[in-house]
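Below: one structure, written as structure tokens.
The values are calculated or read from the model by the stated rules, or taken from the named source; none is laboratory data. The structure displayed is predicted, hence computed values, not measured ones. Because the Cβ atoms are built from the backbone with ideal geometry, glycine has one as well, and the counts that use them run over all protein chains shown.
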Amino acid sequence: MKEEKKEIKYDVVIIGAGPAGLGAAIYASRSNLSTIVFEKGLVGGQIVQTAEVENYPGFDETVSGYEIVSKMQAQALRFNTKIVQEEVTAISPEGLCKIIETDSGTIYRAKAVIFCAGAHPRKLAVPGEQKFTGRGVSYCATCDGALYRGKKVAVIGGGDSAVEEAIFLTKFAEKVYLIHRRDKLRAVHAIQHRAFQNSKIEYIWDTVVKEIEGDNVLKNLVLYNRVTGNTSNLAVNGVFIYIGIIPHNELIESSVELDSEGFILTDKYRHTNIPGFFAAGDIIHKVLRQVVTAVSDGATAAFSAEKWIEDNLDHFK
Ligand code: NAP
């Protein structure tokens, strides 16, 4: 006889335990909604890799991303959120409920889902990138920066991440080359201003990396200047790649409305086009991706989920 799988019921299922997911969890569980958060990796999301956060309100000194999310996690647990390390493998509707399956084989039933699966770093996709990952190529200055004490490194990109991490790397490296494909940075002015004042950072404008070379470890970047058409070599010990993020939308891309880059479209309530399915954080289409906007999205999504459950109580009886 086929064994029936046990179904575990929650009011709110949150997928992803970064700042958006934890923000949503704090608001949902504090409202007495039974709340579970699934995280397939480490709790905290991308911000865990940031050594110094300057602009998260409430801290008068810089604080690490890890410290911020540790406090959020403790706060969510205090309100009885359950946080489990399971990967969600499928989400499907059943009436107004959502059925969530995870890699543990467990089936969960939720009245509302808040999707906060975040994003991951975009790859350069040039020869040598894969070969030298972990041997000179890195996507995390916080994790690997200290390995380059007194050495020369390059950072690729012109956004907030590239410029902030270039500044961070000057703590260790003797020289940081910031290589950007245009002649203007995309990063916000406050970050640009600090970078331009840092004498250890040298800018290489209008330039892209064509190839990453070395023997056992990375030794050289082959550069191409898009304006002059010249190719040149840059001897460095490490390269940190910060050229944007790709949303983790695989689970929902065929059912939820996305923008042209794959980020989820939500309304101001953080509701997607699917009833009872909300989204928050880096995975949604928005203008500002910060910890503060992620937690704010999470709070809004939890508030909206609570209202949505109340409005549809008859369906859940
Ligand atoms: P981003 O803002 O999308 O910037 C990506 C950068 O990489 C751009 O300068 C882009 O050049 C360049 N780029 C893209 N593809 C490239 C390629 N194939 N080759 C070379 N260069 C390429 O990404 P991000 O800096 O990772 O930031 C992601 C989000 O997090 C943003 O919303 C950002 O504001 C936020 N963030 C905030 C903070 C903070 O406030 N403390 C810190 C980090 C990140 P173009 O400029 O020419 O497009």
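Out of everything in the range 133-177 that is touching a residue at least 40 places away in the same chain (Cβ under 8 Å), more than 16 Å from the ligand (Cβ to nearest atom) and surrounded by fewer than 21 Cβ atoms within 10 Å (Cβ to Cβ), what residue ends up being farthest from ARG289 (Cα to Cα)?
Residue satisfying both the conditions and the ranking: LYS151.
Taking the range 45-65 as the region of interest, how many residues are under 20 Å from VAL163 (Cα atoms) and among the aromatic types (Phe, Trp, Tyr)?
1
Which one is surrounded by the fewest Cβ atoms within 10 Å (Cβ to Cβ), of the residues in the range 107-132 that are part of a strand (DSSP E or B) and of a type in the set (Lys, Arg)? Steps first, please.
Within the range 107-132, the subset part of a strand (DSSP E or B) is 107-115, 119-121.
Applying the additional criterion that residues be of a type in the set (Lys, Arg) yields 109, 111.
Working: ARG109: 15, LYS111: 23.
So, considering only residues that are part of a strand (DSSP E or B) and of a type in the set (Lys, Arg), the one surrounded by the fewest Cβ atoms within 10 Å (Cβ to Cβ) is ARG109.
Please go through the range 11-42 and pick out each residue that is out of contact with any helix residue (DSSP H, G or I) (no Cβ under 8 Å at 6 or more places or on another chain) and surrounded by fewer than 21 Cβ atoms within 10 Å (Cβ to Cβ).
ARG30, ASN32, SER34, LYS40, GLY41, listed by residue number.
Among (1) outside any strand (DSSP E or B); (2) surrounded by 15 or more Cβ atoms within 10 Å (Cβ to Cβ); (3) more than 12 Å from the ligand (Cβ to nearest atom), there is one condition HIS193 misses while meeting the rest; what is its number?
(2)
Quick one: which strands (runs of 3 or more DSSP E) sit completely within the range 198-317 and have at least 2 residues that are surrounded by fewer than 19 Cβ atoms within 10 Å (Cβ to Cβ)?
Fully inside the range 198-317 and qualifying: 201-204, 207-214, 218-225, 231-235.
Looking only at residues that are within 25 Å of VAL227 (Cα to Cα) and aliphatic (A, V, I, L, M) in the range 178-190, which one is surrounded by the fewest Cβ atoms within 10 Å (Cβ to Cβ)? Steps first, answer last, please.
To start, the set of residues in the range 178-190 that are within 25 Å of VAL227 (Cα to Cα) comprises 178-189.
Add one more test, that the residue is aliphatic (A, V, I, L, M), and what stays is 178-179, 185, 187-188.
Working: LEU178: 25, ILE179: 25, LEU185: 21, ALA187: 21, VAL188: 15.
Selected residue: VAL188.
Right, GLU101: away from the ligand (no atom under 16 Å from the Cβ), farther than 24 Å from HIS285 by Cβ and under 17 Å from the mean Cα position of the chain (by Cα) or not?
So GLU101 fails the test.
So which residues in the range 43-82 are over 21 Å from ALA146 (Cβ atoms), surrounded by 14 or more Cβ atoms within 10 Å (Cβ to Cβ) and among the aromatic types (Phe, Trp, Tyr), if there are any at all?
Selection gives TYR56, PHE79.
Could you please give the count of residues in the range 199-220 that are within 23 Å of PRO121 (Cβ to Cβ) and either within 12 Å of the ligand (Cβ to nearest atom) or among the polar types (S, T, N, Q) (or both)?
8
If VAL239 satisfies all but one of (1) more than 16 Å from the ligand (Cβ to nearest atom); (2) of a type in the set (A, V, I, L, M); (3) in contact with a Ser or Thr (Cβ under 9 Å, 6 or more places away or on another chain), what's the number of the condition it fails?
(1)
Does GLN49 satisfy the condition of being under 28 Å from PHE240 (Cβ atoms) and touching a residue at least 60 places away in the same chain (Cβ under 8 Å)?
Yes: the conditions hold for GLN49.
Could you say which residue among ASN230, ASN273, ASN220 is out of contact with any Ser or Thr (no Cβ under 6 Å at 6 or more places or on another chain), free of Cβ contacts under 8 Å to residues at least 24 places away in the same chain, assigned by TED's automatic domain parsing to the domain that holds SER64 and of a type in the set (S, T, N, Q)?
Among ASN230, ASN273, ASN220, only ASN273 is out of contact with any Ser or Thr (no Cβ under 6 Å at 6 or more places or on another chain), free of Cβ contacts under 8 Å to residues at least 24 places away in the same chain, assigned by TED's automatic domain parsing to the domain that holds SER64 and of a type in the set (S, T, N, Q).
Hey, among ALA187, ALA166, ALA162, ALA154, which residue is assigned to a loop (DSSP other than H, G, I, E, B) and among the aliphatic types (A, V, I, L, M)?
Only one candidate qualifies: ALA187.
Among the residues of the range 93-106, are any touching a strand residue (DSSP E or B) at 6+ places or on another chain (Cβ under 9 Å), exposed (fewer than 14 other Cβ atoms within 10 Å of the Cβ) and in a strand (DSSP E or B)?
yes
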